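Trainee: Provided herewith is a single structure, encoded as structure tokens, for subsequent inquiry.
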Amino acid sequence: MLYTKKQTDLVLESLKKWVYIVDGTGIDEGTKNCALCREYYVNINWIEPCTECPIFEITGMDNCRGTPYWEWVEAAAEKEAYGSINTIRAAKAELKFLEDLYNKTILFRKFEV
């Protein structure tokens, strides 16, 4: 799989969201503050959401299934969730996932003319 500059930039923006969540200065608003979701989930036809997303290309699943994101959702649903051991662990796992994806998008970048 080769990635475009746009995909790399969107992964970086999504990664930044999780940097802020991990350090306690950001919040998760789901698709509202995810650059990848805004591009590939929210603004596309609803028949096949996410299919162009770099995350989908790795997991083969929509809605970030197959990533640590859903561990985060479950942990964040708990009482007094933000800042708990479970949310911090899940947020760090999602951040690591996106860091690895970002590095992959750089390594496998399409040459664009």
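Trainee: Check each of the chymotrypsin sites (Phe, Trp or Tyr not before Pro) in segment 1-101 and keep only those in coil by DSSP with at most 11 other C-beta atoms within 10 angstrom; list them in order.
Mentor: Of the chymotrypsin sites (Phe, Trp or Tyr not before Pro), the ones in loops of segment 1-101 whose Cβ has at most 11 other Cβ atoms within 10 Å are W46.
Trainee: Here's something else I'd like to know. With contacts defined as alpha carbon pairs under 8 Å and 6 or more residues apart, what's the relative contact order of segment 5-106 in percent?
Mentor: 31
Trainee: While we're looking at this one, here's another question. How far, in nm, would the chain grow between A35 and N103 when pulled straight, counting 0.36 nm per residue and subtracting the alpha carbon separation?
Mentor: Here the segment from A35 to N103 would lengthen by 22.8 nm.
Trainee: Moving on. Using only Cα atoms, tell me the angle between helix 5-23 and the longest principal axis of the chain; keep it within 0 to 90° and round to the nearest 10.
Mentor: 10
Trainee: Further question on the same structure: Quick check for the chain: number of Lys pairs with alpha-carbon distance under 18 Å, counting only pairs 8 or more apart or on different chains?
Mentor: 15
Trainee: Got a sec to turn the phi values of segment 34-40 into Karplus ³J(HN,Hα) couplings, 6.51 cos²θ - 1.76 cosθ + 1.60 with θ = phi - 60°, whole Hz, x for Gly and Pro?
Mentor: Coupling constants for segment 34-40: 10, 4, 5, 5, 4, 7, 10 Hz.
Trainee: What stretch of the chain, leaving out the sites themselves, is the longest with no GluC sites (Glu not before Pro) in a DSSP loop having at most 13 other Cβ atoms within 10 Å?
Mentor: Maximal segment without exposed cleavage sites: 30-77.
Trainee: I've got another one for you. Under 12 Å from a point 7 Å along the Cα-to-Cβ line of M61: which residues of segment 1-23 have their amide N that close?
Mentor: none
Trainee: Where in segment 9-44 does the label zone of Y82 land, with the point 7 angstrom along Cα→C-beta and an amide N cut-off under 13 Å?
Mentor: 20-30
Trainee: Once amide H atoms are placed 1.01 Å from N in the peptide plane, what residues at a sequence separation of 5 or more from R109, or on another chain, have their amide H within under 5 Å of its amide H?
Mentor: Hits under the 5 Å cutoff: Y3.
No lab work stands behind these numbers, since they all come straight from the coordinates. Predicted model, so just to flag it, every value in this text is computed and none were measured. FYI the Cβ positions are ideal-geometry reconstructions off the backbone, even for glycines, and counts take in every protein chain you see.
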